[in-house]
1. Would you check if Ala44 is under 33 Å from the mean Cα position of the chain (by Cα), in contact (Cβ under 8 Å) with a residue 12 or more places away in the chain and surrounded by 14 or more Cβ atoms within 10 Å (Cβ to Cβ)?
2. Residue check: is Ala106 small (Gly, Ala, Ser), open to solvent by 30 Å² or more (accessible area, probe 1.4 Å), over 30 Å from Ser233 (Cα atoms) and not in a helix (DSSP H, G or I)?
3. Return yes when Pro305 is touching a Leu at 6+ places or on another chain (Cβ under 6 Å), touching a residue at least 24 places away in the same chain (Cβ under 8 Å) and closer than 30 Å to Asp79 by Cα and no when it is not.
4. Going by the conditions given, is Pro32 surrounded by 21 or more Cβ atoms within 10 Å (Cβ to Cβ) and modelled with pLDDT under 90?
5. Which residue is nearest to Leu13 (Cα to Cα), if the candidates are limited to region 193-207 and must be surrounded by fewer than 21 Cβ atoms within 10 Å (Cβ to Cβ) and more than 10 Å from the chain's Cα centre (by Cα)?
6. Considering only residues that are open to solvent by less than 40 Å² (accessible area, probe 1.4 Å) and within 18 Å of the chain's Cα centre (by Cα), which ones fall in region 1-26?
7. Being in a helix (DSSP H, G or I), of a type in the set (Lys, Arg) and modelled with pLDDT of 85 or more narrows it down to one of Arg123, Arg118, so name that one.
8. So, Arg176, is that one surrounded by 20 or more Cβ atoms within 10 Å (Cβ to Cβ), basic (Lys, Arg) and more than 29 Å from Arg114 (Cα to Cα) or not?
Amino acid sequence: MMVPAALLLLGALAAVVAPRLLARADWPDREPVVALWVWQCVVAAVLLCCALSMTLSAAAAWVVVRGHVFGPAPHSVVDAYALSSGSPWAATTAVALACGGAWTAAMLVTEVVRARARRRQSRDELLLRAPLLPGEEPGADRLVVLEGVRPDAWWLPGAAPQLVVTTGALRRLKGRQLDAVLAHEQGHARARHDWLLHCSGALANGFPQVPVFAAFRDEMHRLVELSADDMASRRFGRLTIALALVELNEDRGVFGPCPTPQAHVPQRVHRLLTPPDRLTAARRLRLTAAAALVPVIPLLVTFVPGLRALS
């Protein structure tokens, strides 16, 4: 029963240490795509620790489960995990972790269902404000213009994704700024950022007492915007997307002294107006490889006792 306990300790350590290290680092804002990958690897490692600990705890508690987990493995492999000695906490740990896994899946399904309901409601409202002309197919146009004084633009995902822009935004956006906004929103769609937001939201809402999941959700919301900014700036320039952000948000008070829900917009504008200070390709590769190894550690902890028994 030492391996399931070690896995839980490893998961707790990763959940506590990794967010603090990432918060102190100065490179996530410079390399948001790499930071997104690192966060996903950390959370995957935490979830993997819980799943593997649940499996071994269930194998220790119930002989039937042990037979399915180890199958035709030699007795020396089973003895290496000391499962036959049992533990009064094995069944409790397995059931608790299984309930946590089921709750996570339920929260993810709930998050996806709510997102689809919001998307359906948005499309219905869009049809009311911009009805189809005779002979026009729904979703035929990727760009939809709505009458509205307030400058706004948003991406409506789905089978036929569309960029919705108000006439107020068209009056504000000049030159290639509208193309930059379109490239920004298309960057979200191509990278499937909506699924990252669904998963992080499900974990944070399902386990609000776990700080790593709340930090994961907050960082996903921030980093996906930085990543989409970079995608658009590569085609249209950093100044163009920065000016587009200013034009779309100037009347919302986001650049004033009082905090607003869009308080991240001034930070994004400042980042775009600052000369890019990217990491070297070699360092990006090292960070990516190191992050990919994080989920491997729980697998090593799990399989090393059995491999030693076979050697």
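1. Numbers: under 33 Å from the mean Cα position of the chain (by Cα): yes; in contact (Cβ under 8 Å) with a residue 12 or more places away in the chain: yes; surrounded by 14 or more Cβ atoms within 10 Å (Cβ to Cβ): yes.
Yes: the conditions hold for Ala44.
2. Values: small (Gly, Ala, Ser): yes; open to solvent by 30 Å² or more (accessible area, probe 1.4 Å): yes; over 30 Å from Ser233 (Cα atoms): yes; not in a helix (DSSP H, G or I): no.
Spelling it out, it is not the case that Ala106 is small (Gly, Ala, Ser), open to solvent by 30 Å² or more (accessible area, probe 1.4 Å), over 30 Å from Ser233 (Cα atoms) and not in a helix (DSSP H, G or I).
3. Numbers: touching a Leu at 6+ places or on another chain (Cβ under 6 Å): no; touching a residue at least 24 places away in the same chain (Cβ under 8 Å): yes; closer than 30 Å to Asp79 by Cα: yes.
It is false that Pro305 is touching a Leu at 6+ places or on another chain (Cβ under 6 Å), touching a residue at least 24 places away in the same chain (Cβ under 8 Å) and closer than 30 Å to Asp79 by Cα.
4. Working: surrounded by 21 or more Cβ atoms within 10 Å (Cβ to Cβ): yes; modelled with pLDDT under 90: no.
Taking the combined requirement at face value, the residue does not satisfy it.
5. That would be Phe207.
6. Within region 1-26, Ala14, Ala15, Ala18, Pro19, Leu22 meet the criteria.
7. On the way: Arg123 fails: modelled with pLDDT of 85 or more.
That would be Arg118, the only listed residue that is in a helix (DSSP H, G or I), of a type in the set (Lys, Arg) and modelled with pLDDT of 85 or more.
8. Numbers: surrounded by 20 or more Cβ atoms within 10 Å (Cβ to Cβ): no; basic (Lys, Arg): yes; more than 29 Å from Arg114 (Cα to Cα): yes.
It is false that Arg176 is surrounded by 20 or more Cβ atoms within 10 Å (Cβ to Cβ), basic (Lys, Arg) and more than 29 Å from Arg114 (Cα to Cα).
The values are calculated or read from the model by the stated rules, or taken from the named source; none is laboratory data. The model shown is predicted, which means the values in this text are computed figures rather than measured ones. Quick reminder, even Gly has a Cβ in these numbers, built from the backbone with ideal geometry, and neighbours come from all protein chains shown. Accessible surface is based on the protein model in full, side chains and every heavy atom, while ligands, DNA and RNA are left aside. Shrake-Rupley method; radii C 1.70, N 1.55, O 1.52, S 1.80 Å.
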